[in-house]
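The values are calculated or read from the model by the stated rules, or taken from the named source; none is laboratory data. The structure displayed is predicted, hence computed values, not measured ones. Here Cβ is always computed from backbone atoms with ideal geometry, including for glycine, and neighbour counts include all displayed protein chains.
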Amino acid sequence: MDCLFCKIVNRGIPADIVHEDEHVLAFSDINPQAPTHILIIPRQHIATLNDIEMADLALMGRLQYTAARLARERGFAEDGYRVVMNCNDHGGQTVYHIHMHLMGGRRFTWPAG
Ligand code: 5GP
Ligand code: ZN
């Protein structure tokens, strides 16, 4: 399958991996939008948020749990951080393997930015 993030999971292309376990991989975003910008993905290929099934609910919780853990490890959990998942064209999704953006180390505005 021609999926960029599956290639990272399978070590076909390099990435700065900051966490991995049986179900989840986390690595630095190549184009960071904050002092810390990490992408947290399931090892399993799921193209978009629309493709999540009941069987994936625990996996989605693992993504969020990993984000919170990394935020604490990086020292910005208490200051706060932003977690984003983009879906399809209007959501700004560019890589079609679901990923949670964890961004921290600066203040964010809302909405956008
Ligand atoms: P999306 O726009 O789909 O929500 O986010 C995709 C993210 O993947 C972007 O923030 C982009 O910088 C990042 N990205 C794209 N290609 C690569 C890559 O080859 N390696 C890494 N580490 N990140 C990538
Ligand atoms: Zn994939």
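Select from the stretch 69-96 the residues that are of a type outside the set (Val, Ile, Thr), within 16 Å of ligand 1 (Cβ to nearest atom) and not in a helix (DSSP H, G or I) and write down the one among them that is nearest to Gln44 (Cα to Cα).
Looking only at the stretch 69-96, we keep the residues that are of a type outside the set (Val, Ile, Thr), and these are 69-82, 85-93, 96.
Now narrow it down to the ones that are within 16 Å of ligand 1 (Cβ to nearest atom): 70, 81-82, 85-93, 96.
Add one more test, that the residue is not in a helix (DSSP H, G or I), and what stays is 81-82, 85-87, 92-93, 96.
Working: Tyr81: 26, Arg82: 24, Met85: 16, Asn86: 18, Cys87: 17, Gly92: 21, Gln93: 18, Tyr96: 12 Å.
For the stretch 69-96, the residue satisfying everything is Tyr96.
Which one is nearest to Leu63 (Cα to Cα), of the residues in the stretch 24-39 that are touching a helix residue (DSSP H, G or I) at 6+ places or on another chain (Cβ under 7 Å) and away from ligand 2 (no atom under 14 Å from the Cβ)?
Ranking the qualifying residues of the stretch 24-39, first place goes to Ala26.
Name the pairs whose Cβ atoms lie under 7 Å apart, with the first residue in the stretch 94-106 and in contact (Cβ under 8 Å) with a residue 24 or more places away in the chain and among the aliphatic types (A, V, I, L, M), the second part of a loop (DSSP other than H, G, I, E, B) and away from ligand 2 (no atom under 13 Å from the Cβ), and 6 or more positions between them or separate chains?
Ile98/Met85; Met100/Met85; Met103/Gln33; Met103/Ala34
Kindly indicate the residue of the stretch 1-15 that is near ligand 1 (Cβ under 7 Å from one of its atoms) and part of a loop (DSSP other than H, G, I, E, B) and also nearest to Arg82 (Cα to Cα) among those meeting that condition. Write out each step before concluding.
Pass one, the stretch 1-15, residues near ligand 1 (Cβ under 7 Å from one of its atoms): 4, 8, 13, 15.
Filter once more, keeping what is part of a loop (DSSP other than H, G, I, E, B): 13, 15.
Working: Ile13: 27, Ala15: 22 Å.
Looking at the filtered set, the residue picked out is Ala15.
What tally of residues in the stretch 16-31 results from selecting those that are near ligand 1 (Cβ under 10 Å from one of its atoms) and either surrounded by 12 or more Cβ atoms within 10 Å (Cβ to Cβ) or not aliphatic (A, V, I, L, M) (or both)?
Summing the residues that are near ligand 1 (Cβ under 10 Å from one of its atoms) and either surrounded by 12 or more Cβ atoms within 10 Å (Cβ to Cβ) or not aliphatic (A, V, I, L, M) (or both) in the stretch 16-31 gives 6.
Answer yes or no: is there a residue in the stretch 32-42 that is at pLDDT 95 or above, more than 14 Å from ligand 1 (Cβ to nearest atom) and either surrounded by 15 or more Cβ atoms within 10 Å (Cβ to Cβ) or not aromatic (Phe, Trp, Tyr) (or both).
Scanning the stretch 32-42, I find at least one residue that is at pLDDT 95 or above, more than 14 Å from ligand 1 (Cβ to nearest atom) and either surrounded by 15 or more Cβ atoms within 10 Å (Cβ to Cβ) or not aromatic (Phe, Trp, Tyr) (or both), so the answer is yes.
Could you check the stretch 70-86 and list, in sequence order, the residues that are out of contact with any His (no Cβ under 7 Å at 6 or more places or on another chain), surrounded by fewer than 14 Cβ atoms within 10 Å (Cβ to Cβ) and on the phi < 0 side of the Ramachandran plot?
Listed by number, the residues that qualify are Arg72, Glu73, Glu78, Asp79.
What are the residues in the stretch 27-68 that are in contact (Cβ under 8 Å) with a residue 24 or more places away in the chain, more than 19 Å from Gln93 (Cβ to Cβ) and assigned to a helix (DSSP H, G or I), if any?
Matches in the stretch 27-68: Arg62, Thr66.
Which of the residues that make up the stretch 59-108 are of a type in the set (Gly, Ala, Ser) and within 17 Å of Ala26 (Cβ to Cβ)?
Gly61, Ala67, Ala68, Ala71, Gly75, Ala77, Gly104, Gly105 - these are the residues of the stretch 59-108 that are of a type in the set (Gly, Ala, Ser) and within 17 Å of Ala26 (Cβ to Cβ).
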